[in-house]
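**Q** Please see the structure below; I have some questions.
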Amino acid sequence: MDKSSEKNIFEKYSNGTITDEELLLLYNWYFEQFKSNRSYPDPEVFQKRMAEMDKAVLASLHKTERRTIPLKYVAAAFLLVAASFTFYFILKRINEKKYDAVYAIRPGGNKARLTLADGKSIDLTEARTGDLAKQGGVKISKTGDGELLYTVTATKSAGNEYNSIETPNGGEYMVCLPDGTKVWLNAASTLKYPATFSSLSERRVILSGEAYFEVAHNEKQQFIVQTARQCVRDIGTKFNINCYSEEPAIRTTLLEGSVAVIPTLPRRTSAHKGAVPVAESILRPGQQSLVTAEGIEISEGNAAESISWKNGSFQFRNDDLQTGMRQIARWYDITVEYEGAVPKDKLYGKVHRDNNLAKVLNMVLGSGISYEIKDRKVIIRSKIK
């Protein structure tokens, strides 16, 4: 049907003058629209339309006082009533599946795996509250809040024994190290650390991914965080490090205290291997360093934005789309694809990380961006303007 015919036929059945043949035509047209329209009509609107059609069909069955209806049209009318109900429920289920696919992608949570020095692996997500292991005079336990706690029980040293804790995509975890330092790990991160610091000259841990540190003060033992392209040295402070391998720079943000950031750049000659330390840069509270292959850059940072993940939210302020989507992808354990040119829109806003994926996307993506969710994949497109 063209637009004028469509308007005419709906006017007819709204005022009760529609014929049986036109009702069948209307039903067939609606069915064809459904097959060709991938956006799917709103089930509530469709239900209203079909209810109107049903009334019109039943009304036509009571017109026998004025005219005789051929048997074939009576049968067709009954079939139409039955088909309309069937069609509605099919459509409703298709829409439910479509919405389920979107809202089934839940946010991440407390998930991590602990690997001990002897190779024993413990799934902290499934582990019960209480003691998990003992090694080298240290007791490892899981608290009722789902945190990992190291408690020194003897002066015996664990020597060079190292533990590691790893969070998957869609996971985060908090660990209290043997010296009392607290570390919050973001999704897709790994922290490697000694089982005890008691006999060591320094407290050195190795990080990949992202973590927020609240370091326990100890003037005799510096605390050092080593990453792929830098070391951060401090005495007692609060700071965040983002060092995901897929990010173009390592971002260190200082909240309290003082830290020295020491980039380690690759050697430029094949005769030497490893990395070369570069002169250290001291950060003051509120400052942020960016370490790239070219060197280090110091600027005023946004502390609230840098640790928003630790406080349970995404916070974007003129952020690059791809950078923001990588954050979202790690937390919801999804992949992101871009269809056509990558939109140049920036991300703005603050939204809690405990929301479903669709709500987060709807709140942070600009009006010039559309998206589609297929299984655990988000396809990003620019809207045609």
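**Q** Filter the stretch 292-318 down to the residues that are within 21 Å of residue 184 (Cβ to Cβ) and acidic (Asp, Glu) and list them by number.
**A** The one that is within 21 Å of residue 184 (Cβ to Cβ) and acidic (Asp, Glu): 305.
Matching residues to (1) closer than 17 Å to residue 309 by Cβ; (2) without any contact (Cβ under 8 Å) to a residue 24 or more places away in the chain; (3) aliphatic (A, V, I, L, M):
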{"site": "334", "(1), (2), (3)": "yes, no, yes"}
{"site": "340", "(1), (2), (3)": "no, no, no"}
{"site": "354", "(1), (2), (3)": "yes, no, no"}
{"site": "366", "(1), (2), (3)": "no, yes, no"}
{"site": "371", "(1), (2), (3)": "no, yes, no"}
{"site": "375", "(1), (2), (3)": "no, no, no"}
{"site": "380", "(1), (2), (3)": "no, no, yes"}
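**Q** Could I ask something else about it? For a quick check of your reading of the model, give me the residue pairs whose first member lies in the stretch 251-264 and is closer than 16 Å to residue 236 by Cβ and assigned by TED's automatic domain parsing to the domain that holds residue 232, whose second is surrounded by fewer than 18 Cβ atoms within 10 Å (Cβ to Cβ) and of a type in the set (Val, Ile, Thr), with beta-carbon atoms closer than 7 Å and at least 6 apart or on different chains.
**A** 258/282; 260/282
**Q** Exactly one of these conditions fails for residue 276: (1) in a strand (DSSP E or B); (2) within 23 Å of residue 181 (Cα to Cα); (3) modelled with pLDDT under 95; (4) of a type in the set (A, V, I, L, M, F, W, C). Give me its number.
**A** Single failed check for residue 276: (2).
**Q** In the stretch 302-331, which residue that is assigned to a helix (DSSP H, G or I) and among the charged types (D, E, K, R) is surrounded by the fewest Cβ atoms within 10 Å (Cβ to Cβ)?
**A** Step by step, filter the stretch 302-331, then rank; the result is 326.
**Q** Still on this structure, please answer the following. For residue 139, which of the numbered conditions (1) farther than 20 Å from residue 198 by Cα; (2) without any contact (Cβ under 8 Å) to a residue 40 or more places away in the chain; (3) crowded, with 16+ Cβ neighbours inside 10 Å; (4) touching a Ser or Thr at 6+ places or on another chain (Cβ under 6 Å) fails to hold?
**A** (1)
**Q** Restricting the stretch 172-212 to residues that are in contact with a Lys or Arg (Cβ under 7 Å, 6 or more places away or on another chain) and free of Cβ contacts under 8 Å to residues at least 40 places away in the same chain, which is nearest to residue 123 (Cα to Cα)?
**A** The selected residue is 174.
**Q** Let me ask something additional. Counting just the residues of the stretch 332-373 that are hydroxyl-bearing (Ser, Thr, Tyr) and not in a strand (DSSP E or B), which one comes out nearest to residue 108 (Cα to Cα)?
**A** 332
**Q** Can you pull out the residues in the stretch 92-127 that are among the hydroxyl-bearing types (Ser, Thr, Tyr) and either in a loop (DSSP other than H, G, I, E, B) or at pLDDT below 90 (or both)?
**A** Within the stretch 92-127, 99, 103, 125 meet the criteria.
The values are calculated or read from the model by the stated rules, or taken from the named source; none is laboratory data. Just so it is clear, the model here is predicted, and its values are computed rather than measured. Don't worry about glycine lacking a Cβ; one is built from the backbone with ideal geometry, like all the others, and counts go over all protein chains shown.
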